[in-house]
Amino acid sequence: MWLYCSCYLIYPIQCSHIIMYVFATDSKVSCGFYISPASPQSTYCSTLIQHAAAINRSVQVVNLDPAAEHFDYPVMADIRELIMVDDVMEDESLRFGPNGGLVFCMEYFANNFDWLEESLGHVEDDYILFDCPGQIELYTHLPVMRQLVEQLQQWEFRVCGVFLVDSQFMVETFKFISGIMAALSAMVSLEIPTVNIMTKMDLLSPKAKKEIEKYLDPDMYSMMEDNSVTIRSKKFKKLTKAICGLIDDYSMVRFLPFDRTDEEGINIVLQHIDFSIQYGEDLEFKEPKEPDEEPDNTNYDDFFQDKEED
């Protein structure tokens, strides 16, 4: 029984990541909480930043991953200035491994939200991407990220979650069930609006792209019937049917495709995010800049008269 359950629950815990986006105005701040596999995280951030620049939208990045190594984009604040996983692991009095060190760093961060408030300062008309650590247990089992959500809400942030899953990981039914359970668990735990995205669609073969379409808006019972032959044990079939029933009863998880080479698809993803965080509803109308006034002493008649004489 436990071995079978691990197929659904343990694997996605090892490959999850989270990003958080924030939109700020003078009166209110809106933010989105983004969970994604660790591998596509940097590409996703870079792609969205480039797309935002192309449509003349300002995007800022805050790194909340104390184990991060490097970025190919600038960040406005970095948790590594507060605490780093490497420093925690090297402390002989703590003796933590990578996972324990990360949990310690995030709990330390939760006790020092004033650092985040000071680092954010006052932002206006901006998206702010919060790049958070990848261990999904931070969002499903531990209270750290929920505390962060509540703190942001106290700062008048409107919070939205986006769960990103590697499409290459989701091409098999049982792996898909594993990913969808991880997404659903985070959604229920954090209690925030969530947009679910399949990344790296540009890396799939044409056959895989056609196959994965059924996972974007899944029919769990149909999937169960399609793969019933591969499950020999009656107990496992009963368990799988119960899990599919749970997912179908909640009916909360749908996926959007994300192809970094498809500008229209990126815009659709951004529109869903904007709708979730009510982007632009609190923006004040800005008057267009007036052209520079012409000098009062300009004599056009003399100008054209000189031209005729020449």
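The values are calculated or read from the model by the stated rules, or taken from the named source; none is laboratory data. Here the structure is a predicted model, which is why all the values come from computation and not from measurement. Ideal geometry is used to build each Cβ from the backbone, glycine not excepted, and the neighbour counts take in all protein chains shown. Just the protein is used for accessible areas: all its heavy atoms, side chains included, with ligands, DNA and RNA removed. Shrake-Rupley method; radii C 1.70, N 1.55, O 1.52, S 1.80 Å.
The helices (runs of 4 or more DSSP H) located wholly in the stretch 68-181 that include 1 or more residues which are of a type outside the set (Val, Ile, Thr) and open to solvent by less than 40 Å² (accessible area, probe 1.4 Å) occupy 98-110, 113-120, 137-140, 144-154.
Taking Lys235, is it open to solvent by 70 Å² or more (accessible area, probe 1.4 Å), modelled with pLDDT under 80 and in a helix (DSSP H, G or I)? Against the criterion (open to solvent by 70 Å² or more (accessible area, probe 1.4 Å), modelled with pLDDT under 80 and in a helix (DSSP H, G or I)), Lys235 qualifies.
Only residues that are out of contact with any Gly (no Cβ under 9 Å at 6 or more places or on another chain) and open to solvent by 10 Å² or more (accessible area, probe 1.4 Å) were counted in the stretch 185-215, giving 17. Modelled with pLDDT of 80 or more and under 25 Å from Tyr279 (Cβ atoms): which single residue out of Val85, Val59, Val29 fits that description? When all the criteria are applied, what remains is Val59.
Candidates Ile79, Ile136, Ile128: the one that is among the hydrophobic types (A, V, I, L, M, F, W, C) and modelled with pLDDT of 90 or more is Ile79.
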